[in-house]
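The values are calculated or read from the model by the stated rules, or taken from the named source; none is laboratory data. Note that this is a predicted model, so its numbers are computed, not measured. Here the Cβ positions follow ideal geometry from the backbone for every residue, glycine too, while neighbour counts run over all protein chains shown.
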Amino acid sequence: MIEPILVTKELVKECFPKRDNNANKGTFGHAVIIGGSAKYVGAPQFSSSASLAIISALGKAAMRVGAGTSQLCIPDTLSPYLYQSTLYSSIYSLKSEDGNIACDEAQINEIMSRATAFAIGMGMDKGDAESIVLQILENGEQNIVIDADGLASTSGIRNFKNRCILTPHAKEFSKFTNTPIETVKKYSLLLGSKYAKEKGCILLLKGTPTTVITDGENDYINNNGNVSLAKGGSGDVLSGIICGLLAWGLQPIKAAYCGAYILGRCAELNKVNEYSTLPEDIVAQIPNVLDEVLK
C-alpha cells in the first residue's frame, strides 16, 4: 500500500488560484445546505450562519472559504424562527412531515437549478436525506457533502458516483459499516480506502489526532487541530467549509483535504480557551488561515 500524503499548507495553497477582478458573486457558486428538524433546531441555525444570538457555522463558513452565496433549506415549520436572525444565507422552506424534511421532487429540482454544491444531513433526524441525495445524483451534476444524520440514512446507497464526500467520525463509521470501533481506529486508512472504493465516494474519516481522506485510490492524512474541536458544531463547520470549496469548483478530493486542514488550523489559531470555544470562534479564524495559505 502506498504511503498516504500528508496535508500541508503548501498542498492546500495549490488549490487556491488567484481570483479574477472582473468576477461577481455568481462566479463563485451557490452553496446549499439542507438540514434541520423539529428535534434539532440548533444544527440548522449553525448551518445558516446565524443563530438567534450569534453568527455561527455552516453557511457563513461556506462563504468564508469563497462561495459566492449560500442558502439554508430547512423544514417549513422552522422557517419563521430564522428569517429575522439569518444574516448571510437565504432561506428556503422545505415540506415536512412530523417536523422532518420530506423529499418533494419539484422543490429539490428548483433548488438544484441554482445550486453548485450541497451539504446535507445536519440535524435532519429522520428527514429523507436518502431520497434527496439520490435525486441530486440522478438528475443533477452537483457534488455533495453528507454529514451527521445524513450519513446513516444514505449508507444503503450503493454508488455515490464519486460526487459525494462522507464525513463520519469513527463511531459513525463503525455503526454504518458494522465494524467494531477499535478496529476502525486501528485500521482507519485501510478500511476507509476500501469503503471509498466500493461506494464510489470520498471518505473523510474524522479522528484524533489523524483524519483520513481517501477516494479509494488517493490517500491523505491530516493531523493538525486540537481539543477545542471537541464540541458540538465543529462537524457542521467542516461541512460548511467543504461545501463552500465545492461551490466555487474545487474537486471533491481536494475540497475534502483542504477542508480538513482549514478546520484544524482554525482550531490552532483560535484564541478562545479550549473549554469555552464555540463553533463561531472556529469560523472566525478562517480568514486568518487563508491569509497564511495565500501568502
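Some points to look at:
- Selection count where residues are surrounded by 19 or more Cβ atoms within 10 Å (Cβ to Cβ), part of a loop (DSSP other than H, G, I, E, B) and not hydrophobic (A, V, I, L, M, F, W, C), scope the stretch 166-201: 2
Residue-wise test of (1) at pLDDT 95 or above; (2) under 14 Å from the mean Cα position of the chain (by Cα); (3) of a type in the set (Ser, Thr, Tyr).
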position: Leu87; (1), (2), (3): no, no, no
position: Ser96; (1), (2), (3): no, no, yes
position: Met112; (1), (2), (3): yes, no, no
position: Gly127; (1), (2), (3): no, no, no
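- Considering the conditions (1) over 27 Å from Lys9 (Cβ atoms); (2) out of contact with any Cys (no Cβ under 6 Å at 6 or more places or on another chain), Phe160 is excluded by exactly one of them, (2).
- All positions within the stretch 2-16 that are of a type outside the set (Phe, Trp, Tyr) and either at positive phi or at pLDDT 95 or above (or both): Pro4, Ile5, Leu6, Val7, Thr8, Lys9, Glu10, Leu11, Val12, Lys13, Glu14, Cys15
- Against the list (1) of a type in the set (Val, Ile, Thr); (2) crowded, with 20+ Cβ neighbours inside 10 Å; (3) out of contact with any Pro (no Cβ under 6 Å at 6 or more places or on another chain), the condition Val237 fails is (3).
- Residues (farther than 22 Å from Gly249 by Cβ, crowded, with 20+ Cβ neighbours inside 10 Å and more than 12 Å from the chain's Cα centre (by Cα)) located in the stretch 133-152: Asp149
- Test: residue in the stretch 194-207 that is acidic (Asp, Glu), without any contact (Cβ under 8 Å) to a residue 24 or more places away in the chain and closer than 23 Å to Leu134 by Cβ: yes
- Filter result for Glu217 (in contact (Cβ under 8 Å) with a residue 12 or more places away in the chain, in a loop (DSSP other than H, G, I, E, B) and over 19 Å from Pro287 (Cα atoms)): yes
- Close pairs (6 angstrom Cβ cut-off, 6 or more residues apart or separate chains): farther than 18 Å from Ser239 by Cβ in the stretch 138-161, not in a loop (DSSP other than H, G, I, E, B) anywhere: Gly140/Met112; Lys161/Leu137
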